[in-house]
Amino acid sequence: MVVLITRPGEPGQRLAARLDALGQTAFWWPAFDLLPPTDPQRVQATLARLPGFDLVVFVSPMAVRALAGALGGAVWPSTTRVAAVGGATVHAVHAELPIAAGHTVIGPPGSDAAEGGAEALWPLLARLDPAPQHVLIVRAQSGREWLGQQLRLGGAQVEELEAYRRVAHEPLSSDWASVRAALGGAQPLRGPAVLFSSTEAVAVLTSALQRAGLGPELPGAVALCVHERIAQAASSAGWRDVRRCEAEEGALLVALAGIAGPGSAVPIPIS
């Protein structure tokens, strides 16, 4: 099974390496490259006002890492609560941010996909007492507006901070050649399995694959989606075989085993 892992950064690289080690043909094929913010001075100016926010929401592990790097080891204000959209982002907060040991991190249990966590996080934020009044959402230059809208409707003043940029990744011609070779030649008869972890990735990757003749029209092409919203976007983009799977690594391996079929199952590690 040829698998394209579209998650950007180290998580995507790690998953591709795991699949390779398990005998799959996996390519790290990020939908986006992650770059420094357009205005680093604004990031520093916002950090200088950090104690004035009573809640900071991180939308991805990269948002955490970007802000942690900009903080430069400064102590996190004890009165500024922290929320994270998804399990992987919660983990990144504990690993990367200079927060005190007893500082509570608000986050939904389960999926580590940023796309899936906003609706799960919102009920937790809505129950906060006292309710947040001045909220900072740390993200890329663009993203979903839903959570910010809910917070505003709840009476909070909300700022968005571009801590990093996402730009569409441009694979090299050699990258395309490697994928084609793995699929069986210049005009492959089967398509890849593509792991989508955001709706934005669906739009970017589907059009690129179609231009290369490797899109959802090929037999065997599969869109693996870590959230129902992403699955709906994949269906709208023309993927005929769309499968929902959890974002947790083991669940993804199980899903790939199901695609590979009996006799070519992916071994699932215990830990």
Given (1) touching a residue at least 12 places away in the same chain (Cβ under 8 Å); (2) over 20 Å from Gln141 (Cα atoms), where does Pro37 come up short, assuming only one miss? (2)
What about Ala70, is it out of contact with any Lys or Arg (no Cβ under 6 Å at 6 or more places or on another chain) and either of a type in the set (S, T, N, Q) or not assigned by TED's automatic domain parsing to the domain that holds Glu159 (or both)? no
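Just checking, how many residues over the stretch 121-138 are in a loop (DSSP other than H, G, I, E, B) and in contact with a helix residue (DSSP H, G or I) (Cβ under 8 Å, 6 or more places away or on another chain)? Spell out how you get there, then give the answer.
Of the residues in the stretch 121-138, the ones in a loop (DSSP other than H, G, I, E, B) are 127-133.
From what's left, in contact with a helix residue (DSSP H, G or I) (Cβ under 8 Å, 6 or more places away or on another chain): 132.
Within the stretch 121-138, residues that are in a loop (DSSP other than H, G, I, E, B) and in contact with a helix residue (DSSP H, G or I) (Cβ under 8 Å, 6 or more places away or on another chain) number 1.
With the structure loaded, tell me whether Leu19 is on the phi < 0 side of the Ramachandran plot, in contact (Cβ under 8 Å) with a residue 60 or more places away in the chain, buried (at least 21 other Cβ atoms within 10 Å of the Cβ) and in the same structural domain as Pro188 (by TED's automatic domain parsing) or whether it fails that test. Break it down into steps so the answer makes sense when it comes.
Working: on the phi < 0 side of the Ramachandran plot: yes; in contact (Cβ under 8 Å) with a residue 60 or more places away in the chain: yes; buried (at least 21 other Cβ atoms within 10 Å of the Cβ): yes; in the same structural domain as Pro188 (by TED's automatic domain parsing): yes.
For Leu19, the condition - on the phi < 0 side of the Ramachandran plot, in contact (Cβ under 8 Å) with a residue 60 or more places away in the chain, buried (at least 21 other Cβ atoms within 10 Å of the Cβ) and in the same structural domain as Pro188 (by TED's automatic domain parsing) - is met.
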Among the residues of the stretch 208-233, what is the count of those that are surrounded by 14 or more Cβ atoms within 10 Å (Cβ to Cβ) and within 21 Å of Gly86 (Cα to Cα)? 9
Among residues of the stretch 51-93, those that are surrounded by fewer than 17 Cβ atoms within 10 Å (Cβ to Cβ) and out of contact with any helix residue (DSSP H, G or I) (no Cβ under 8 Å at 6 or more places or on another chain), counted: 7
Can you tell me which residue among Gln149, Gln141 is among the polar types (S, T, N, Q) and part of a loop (DSSP other than H, G, I, E, B)? Gln141
Among (1) in contact with a Lys or Arg (Cβ under 9 Å, 6 or more places away or on another chain); (2) farther than 24 Å from Phe32 by Cβ; (3) among the polar types (S, T, N, Q), there is one condition Ser60 misses while meeting the rest; what is its number? (2)
In the set Arg127, Arg152, Arg139, the lone residue that is among the basic types (Lys, Arg), buried (at least 21 other Cβ atoms within 10 Å of the Cβ) and not assigned by TED's automatic domain parsing to the domain that holds Leu205 is Arg139
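The values are calculated or read from the model by the stated rules, or taken from the named source; none is laboratory data. This one's a predicted model, so the numbers in the text were calculated from it and none came from an experiment. Quick reminder, even Gly has a Cβ in these numbers, built from the backbone with ideal geometry, and neighbours come from all protein chains shown.
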